[in-house]
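So the structure is just underneath, and the comments pick up after that.
The values are calculated or read from the model by the stated rules, or taken from the named source; none is laboratory data. As the structure is a prediction and not an experimental result, all values here were calculated from the model. Every residue, glycine among them, receives a Cβ derived from its backbone with ideal geometry; neighbour counts consider all protein chains shown. Note: areas computed on protein heavy atoms with side chains; ligands, DNA, RNA excluded. Shrake-Rupley method; radii C 1.70, N 1.55, O 1.52, S 1.80 Å.
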Amino acid sequence: TAGFLTMKASDDKEKAEIFFIAYAKDGVKNLAERPVTFCFNGGPGSSSVWLHLGMLGPKRIELNEDATPMRPPGRLVENTYSLLDRTDLVFMDPVSTGFSRPAKGEDKQQFHGYDEDLRSVGEFIYTYTSRYNRWLSPKFLLGESYGTIRAAGLSGHLQDRYYLDLNGIILISTVLDFRTLDFSANNDLAYVLFLPGYAATAWYHKQLGRELQRQELEKVLVEVEEF
């Protein structure tokens, strides 16, 4: 299902239209047994196309074995890593991304900002859950990059504003603290946290020195983390 959900103010005035693409399993008699997962990318100015066609959808963009893009024209292939065998998927585009736009005459800035983003995305999730009768379904959020911050904030907002409880949150390329990836002169934390990942990657590709390369990865990481 591809479509729009209209977001309205308390006086029923139209505020924005949020675009979504949803995959839902047909023939489910008891929706309480079929989870639904709301998926969004980071940015924060990004639509959900990257998760949709790059990771989670029933088809994905074909990439080379080293994950680099192929020469045009691109093509879609079956995605054996999709989560559709486990959960319905709802890909949504926050206002000003993808096809989602403010209503005519509405200032887009009312949707831009951390709290503003939580309110509009939260309203979408509430509206979708109500319109498609998913209140009894196990509900999950799946966010990527800035979307992990959105997911963390939504967990409380949905509960406080709509009494909507989540069954779980999936965080991809997590950045809940921007210091963890800010390589600046006055911040050592990013270097500390990235080094084990770099070392593990180098071990996998057999690029470490001989003494480290011949050890098991777990032992290498202990040494790197202690360093």
Original post:
If you take the residues of segment 136-166 that are among the hydrophobic types (A, V, I, L, M, F, W, C) and farther than 20 Å from Lys8 by Cβ, which of them is nearest to the chain's Cα centre (by Cα)?
Top reply: Leu142
Original post:
Among the numbered criteria (1) assigned to a loop (DSSP other than H, G, I, E, B); (2) surrounded by fewer than 11 Cβ atoms within 10 Å (Cβ to Cβ), which single criterion is violated by Gln109?
Top reply: (1)
Subject >> Residue within segment 92-111 that is over 16 Å from Ile18 (Cβ atoms), within 18 Å of the chain's Cα centre (by Cα) and without any contact (Cβ under 8 Å) to a residue 60 or more places away in the chain present >> reply: no
**OP:** Tell me the strands (runs of 3 or more DSSP E) entirely within segment 1-79 that contain at least 3 residues that are surrounded by 11 or more Cβ atoms within 10 Å (Cβ to Cβ).
**Re:** 2-8, 14-23, 36-40, 59-61
**OP:** With the checklist (1) of a type outside the set (A, V, I, L, M, F, W, C); (2) buried (at least 20 other Cβ atoms within 10 Å of the Cβ); (3) modelled with pLDDT of 95 or more in hand, flag the one item Tyr146 doesn't pass.
**Re:** (3)
Original post:
If you check every pair at least six apart or on different chains, which have Cβ atoms under 6 Å apart with a residue in segment 16-37 that is under 20 Å from Lys59 (Cα atoms) first and a residue that is open to solvent by 60 Å² or more (accessible area, probe 1.4 Å) and hydrophobic (A, V, I, L, M, F, W, C) second?
Top reply: Phe19/Phe4; Phe19/Phe99; Ile21/Ala2
Original post:
Quick check: is even one residue across segment 201-210 within 26 Å of Pro44 (Cβ to Cβ), among the small types (Gly, Ala, Ser), open to solvent by less than 70 Å² (accessible area, probe 1.4 Å) and more than 22 Å from the chain's Cα centre (by Cα)?
Top reply: no
Original post:
Among the candidates Ser130, Ser137, which residue alone is out of contact with any Cys (no Cβ under 9 Å at 6 or more places or on another chain), more than 17 Å from Asp117 (Cβ to Cβ) and not in a helix (DSSP H, G or I)?
Top reply: Ser137
